[in-house]
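As structure tokens, the structure follows; a few thoughts come after it.
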Amino acid sequence: IKGQGQFPPDFLFGASTSAYQYEGAYDLDGRGPSVMDLLQRKGGLADYKVGADHYHRYEEDIRLMAEIGLKAYRFSISWTRILPEGNGRVNPEGLQFYDKIINLLRQYNIEPIVTLYHFDYPQGLIDQYGGWRSRKSVDDFLEYATILFRHFGDRIKYWLTINEQDHVIHLPERIGLPGTIDAAEFDRISQQCSYHMCVATARIIERCHELVPGGQVGVAMNPMIGLPASSKPEDVLAAAEYNEIAGYYLLDLQCKGIFSPIYTKYLKDRGAFPEIDAEDLNKMRLHPPDFIGVNYYMNQTVRQSTSDTIAPRGTGVIKREEEGIYELVNNPHVQASEWGWGICPIGLKLVIMELYNRYGLPALITENGLGARDELLPDDRIEDDYRIAYLAGHLKELRDCVQMGYPVLGYCLWSFMDVVSGHDGMNKRYGLVYLNRKDQELLDLRRIRKDSFHWYGHVIATNGADL
Ligand code: BG6
């Protein structure tokens, strides 16, 4: 079913970034270390210390956002700029930096959308008590969020708690564990961490509603929708099971306060069901998110697993096989990016429909974009027609959803500017604005408008009528 026309006039056309990938200034003005800084020091591909130097160039960057006509800008606050040790002492310079950003955005009528925690967990909390493993992490995340609600709540309406909890819990270094950890032990610990994150999120939602008049809180997940590899009932079932255990289980917990039957069985089979408390589940039921943030980049294609053993899930975001349940396979109908990410705009529509059917909540697209090796041409042009095609394809599906009546607050593509890619440094760029730097050579960090920059400006100006 197709829709017609444009996006509604109040639709939030926006763009996203995250603090650790964009700001740089990793140890300036009192900022404390995060797990991402330490990962970098262990020999990451590209230098995060300077990122895109947004910390010093935010005025120029926000002027570019205004030039393109952004209605919204999603960024994350660096927890350790505010609380260098993760808890306790507040760093006033951290608050001042975000005051400047938020005030300037407001001056240009750009709606700020704030993520509280985008991968850069305070190293201080790992050192103090093991971070998310401990129940203390719940209080500290709530304390941090409360500081932000009190300080910025008069100017920020839309908040996101954790970026991609569904991914971060599978990446040991990002939750303070060694990459070499035993798979079964990792399953047990990471599920306990994940549970604590859900408990903290429910309490933060409750707190936001108490402190911020009209405040709305979302969770940002990354559902990589699974399509069945064939019409064989076993493959259709495998795709459905994949979608439950790799995708929606966390939202069932966060939005309804339940562990779904299939996920309960899955965790118990692996000895990884966390320690829970009925009061916590009740809090989740009472304080569900106001909207669901969707980071959507790719789909997966799924067939039945040929094995019948039960194995621990272990580390890594993408699990090629869950023994006894599913295997991921290539899909001849879906093109992939150079990094093997299956490009499937229809998947975005499937996600929006499914989320609304299951939870009845509005969606906000918090990330969507194409990573590519852009080439800077001699006349300072970047002809990224491949990115325009990707974004237009997804926006068309989204427009259909909106026109059919699915509630979608806005679309924040990833990313406003090239930032340091989480897995591939500066080799993989997503921005509308080219950043003139390499992995280790910082060059002049010049900002250069790509073709997609001009294209997105037109999309916003025409409210998506001309995709
Ligand atoms: C999302 C993250 O998962 O994907 C971003 O929220 C990240 O932080 C983006 O940059 C793209 O991933 P990558 O590894 O290609 O940079």
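Laid out as a table, the results:
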| read-out | value |
| --- | --- |
| Region 250-305: C-alpha gyration tensor shape, a/c 1.5 cut-off, then a/b vs b/c | oblate |
| Dipole magnitude of the chain about its Cα centre (Cβ charges: Lys, Arg +1; Asp, Glu -1), debye to nearest 20 | 600 |
| In region 197-285, the GluC sites (Glu not before Pro) that fall in loop regions by DSSP, at most 16 other Cβ within 10 Å | Glu275 |
| Summed side-chain charge close to Leu395 - residues other than Leu395 whose Cβ falls under 13 Å, Lys, Arg +1, Asp, Glu -1 | +1 |
| DSSP-defined antiparallel bridges as percent of all bridges, the chain, nearest 5 | 30 |
| Cut-off 10 Å between beta-carbons: net charge of the residues surrounding Gly257, Lys and Arg +1, Asp and Glu -1 | +1 |
| Mean Cβ count within 10 Å, highest first, over the residues of peptides 437-443, 144-150 | 144-150, 437-443 |
| Efficiency of FRET between Asp385 and Val329 - r from beta-carbon atoms, R0 41 angstrom, step 0.05 | 0.90 |
| Relative exposure of Ser137, Ser307, Ser421, Ser231, judged by other C-beta atoms within 10 Å (fewest first) | Ser231, Ser307, Ser421, Ser137 |
| Computed [θ] at 222 nm, deg cm²/dmol, the chain (DSSP H ≥ 4; -39,500 (n - 2.57); rounded to nearest 500) | -12000 deg cm²/dmol |
| Cβ-based exposure ranking for Asp139, Asp384, in which fewest neighbours within 10 Å come first | Asp139, Asp384 |
| Förster-model FRET efficiency, 30 Å R0, Glu354 and Asn427, C-beta, rounded to 0.05 | 0.35 |
| Gyration tensor verdict on the chain (Cα atoms; rounded if a/c is under 1.5, prolate if a/b is larger than b/c, oblate otherwise) | rounded |
| Burial ordering of Lys349, Lys157, fewest other beta-carbon atoms within 10 Å first | Lys157, Lys349 |
| Length added when fully stretched, Arg155-Ala183, from 0.36 nm per residue minus Cα-Cα | 5.7 nm |
| Cα-Cα over 21 Å, subset of Lys2/Lys349; Lys49/Lys428; Lys136/Lys283; Lys2/Lys396; Lys283/Lys349 | Lys283/Lys349 |
| Point-charge dipole on Cβ atoms (K/R +1, D/E -1) for region 38-124, about Cα centre, debye to 20 | 180 |
| Relative contact order of the chain, pairs being alpha-carbon contacts under 8 Å that are 6 or more residues apart, as % | 19 |
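Every number here is computed from the coordinates shown, using simple stated rules; none is lab data. Source: prediction; values computed, not measured. Positions of Cβ are generated from backbone atoms using ideal geometry, with glycine treated the same way; all protein chains shown enter the neighbour counts.
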